[in-house]
Amino acid sequence: MSDKAQLHIGDQSFDLPAIEGTEGEKAIDISKLRDQSGYVTLDVGYKNTGATKSAITFLDGEKGILKYRGYPIEQLAEKSSFIEVAYLLIYGELPSEQQLHNFEYEISHHTLVHEDMKKFFDGFPSKSHPMGQLSSLIGALAAFNPESLKSGLTADAVNLEIIKLIAKMSTIVSWIYKKSLGHPVIYPWNKYDYVTNFLHMTFGQRTEDYTPDPVVVSAMNTLLILHADHEQNCSTSTVRIVGSSDANLYASISAGISALWGPLHGGANQAVIEMLEQIKADGGDTDKFIAKAKDKNDPFRLMGFGHRVYKNFDPRAKIIKKACDDILAKLGVQDEVLDIAKRLEEVALQDSYFVERKLYPNVDFYSGIIYRALGFPTEMFTVLFALGRLPGWIAQWKEMKENKEPIGRPRQIYVGATNRDYTEINNR
Ligand code: SDX
């Protein structure tokens, strides 16, 4: 590979360093381009632009490969736990038994939230969207942890905020669900591991003992692992750029939650189920909806299909699709929309429109079917995506801070009105 690129503009030429990552990704470093040439690059949506160098997650969209800190997602989904994967993403290595125990102990002893946080819960309309509540509540945690607002926090102080956030987010997510039902919240119970505790707070009742089904615990671990990180996606880029202004961790994660909410991003898992239900209510004619998805005059998109980076199968979708069959069988759940989803996938993957555009099922296509089988309402699906993505957001925010990256501030090409003078209103 050449160590530089040459840019020729008119009779001038500029040498730009070329760099290669550990997995063979190549980039042209343009960080000095404007100083050298007076030009900036333009790449709306950053489809061809690298924002950083990162050692956290590698994915190959053409080959459908995803690895966290070098470990293939297939191995982690099969053999690891969500908290162990969280440790791996945030600290860079798989923990020893003692390190994992300490991590879990610290987290379990920070799961309580300040009782005054309940005033925020009580302030939301009962049917307000859980993602709007979650973004507000996570941002509100900064008010209860004023030490997190200081600049130049020590590594130990940052680590304490990381532990608190991972711990309290599971409590907050379960309480959002309980509040949506008008049920009393369930407090965390330190005898449980992280995922069991979350399920206990979510589905448990004050009036009787509740021990989550091991099948459900295992399925939740797998789903949370699969969502844990995905390099520089929309919400992670949001977390990094907000954190680059030296905003605190809670504010940065709150911004990431808002970005994830969009139906083109994490909100797709809710949109997929709503789409499948629409198809079911319309008689289940998948060909009709495939035609709508292809029709440029029709705003309908096949939610859960396509991806900015994956131009092959999303490896997470493969794992979730298999888990769908296993979990629904183990739970004895029949879900007609699963059959519709499988028919949609089958038809789409044979249709030239989808094949030419390399549109494959993504992580959101099947995940909602499992969440629903586990007992979650549709509007909670993206909140569960956020709970899974939290360690990745934290790891990326931490890496950005440790690398002392500058505040993010993209340039633009101005195409508006050129110079003109103010006119009095009676002259317009
Ligand atoms: C996530 O980035 C990440 O890593 C995200 C994520 C993560 O883990 O963080 O993986 C999670 O967000 C997964 C994606 C969830 N979103 C959806 O399922 C929504 C449906 N999909 C899309 O809207 C779309 O595919 C995107 C937003 C995911 C990607 O959009 P791009 O890369 O900007 O591609 P595009 O919109 O330019 O589409 C290219 C072509 C267009 O057709 P032409 O103009 O070339 O004729 O493909 C078409 C699009 O119209 N197309 C679709 C389609 N997705 C793209 N047509 C019908 N249905 C679709 N779903």
Proxy exposure order for 326, 156, 295 (fewest C-beta within 10 Å first) is 156, 295, 326
If 101, 265 are placed from fewest to most neighbouring beta carbons inside 10 Å, the sequence is 101, 265
Links exceeding 24 Å between C-alpha atoms in this model, out of 178/321; 292/358; 164/322; 79/179; 32/404, come to 178/321; 164/322; 79/179
For the chain, whose charge dipole is built from +1 on Lys and Arg Cβ atoms and -1 on Asp and Glu Cβ atoms, the candidate among 121, 154, 368 with its Cα farthest towards the positive end is 121
Scoring only Lys, Arg, Asp and Glu (+1, +1, -1, -1) among other residues with Cβ under 12 Å from the Cβ of residue 405 yields +3
Output ordering of 275-288, 167-180 (per-residue mean of other Cβ within 10 Å, highest first) is 167-180, 275-288
For residue 65, the net charge from surrounding residues (Cβ-Cβ under 11 Å; K, R +1; D, E -1) works out to -3
Out of 10, 133, 419 - ranked by how far each Cα lies towards the positive end of the dipole of the chain, with unit charges on the beta-carbon of charged residues - the top one is 419
Given unit charges at Cβ for Lys, Arg (+) and Asp, Glu (-), the dipole magnitude of the range 4-65 about its Cα centre in debye, nearest 20, is 120 debye
For residue 293, the net charge from surrounding residues (Cβ-Cβ under 12 Å; K, R +1; D, E -1) works out to +2
The distance between the Cα centres of the range 159-228 and the range 352-415, in whole Å, is 21 Å
Amide H contacts under 5 Å for residue 4, restricted to residues at least 5 apart in sequence or on another chain and with H modeled in the peptide plane, are 18
Taking the alpha-carbon centre of each part, the distance from the range 1-73 to the range 81-149 in Å is 34 Å
Scalar couplings 3J(HN,Hα) for the range 31-37 by Karplus 6.51 cos²θ - 1.76 cosθ + 1.60 (θ = phi - 60°), nearest whole Hz, x for Gly and Pro, are 4, 10, 4, 5, 4, 6, 10
Row for the range 268-374, column shape: gyration tensor on C-alpha, a ≥ b ≥ c, rounded if a/c < 1.5 i.e. under 1.5, prolate if a/b over b/c, else oblate; value oblate
Karplus ³J(HN,Hα) for the range 165-178 (6.51 cos²θ - 1.76 cosθ + 1.60, θ = phi - 60°; Hz, whole; x = Gly/Pro) runs 5, 4, 5, 6, 5, 5, 5, 4, 4, 5, 5, 4, 5, 4
For the chain, the dipole about the Cα centre with charges only on Cβ (Lys and Arg +1, Asp and Glu -1), to the nearest 20 debye, works out at 740 debye
Dividing the helical contributions, -39500 (n - 2.57) per DSSP H run of n ≥ 4, by the residues of the chain yields a 222 nm value, nearest 500 deg cm²/dmol, of -16000 deg cm²/dmol
Per-residue Cβ contact counts at 10 Å, fewest first, order 165, 359 as 359, 165
Toy charge model, Lys and Arg Cβ at +1, Asp and Glu Cβ at -1: the range 268-374 dipole around Cα centroid in debye, rounded to 20, equals 480 debye
Diffing the range 151-158: the Karplus 3J(HN,Hα) column from phi (6.51, -1.76, 1.60, θ = phi - 60°), in whole Hz with x for Gly and Pro, holds 7, x, 4, 6, 4, 5, 5, 4
Residues meeting the amide H criterion for residue 65 (H placed from the backbone, H to H distance under 5 Å, 5 or more places apart or on another chain) are 60
For residue 305, other-chain or 5+-apart residues with amide H closer than 5 Å (H placed, Pro excluded) are 362
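Here, each number is a calculation from the coordinates, and none is a lab measurement. Just so we're clear, the structure is a prediction, and the values are computed from it rather than from any experiment. Cβ: placed from backbone, ideal geometry, glycine included. Neighbour counts: every protein chain shown.
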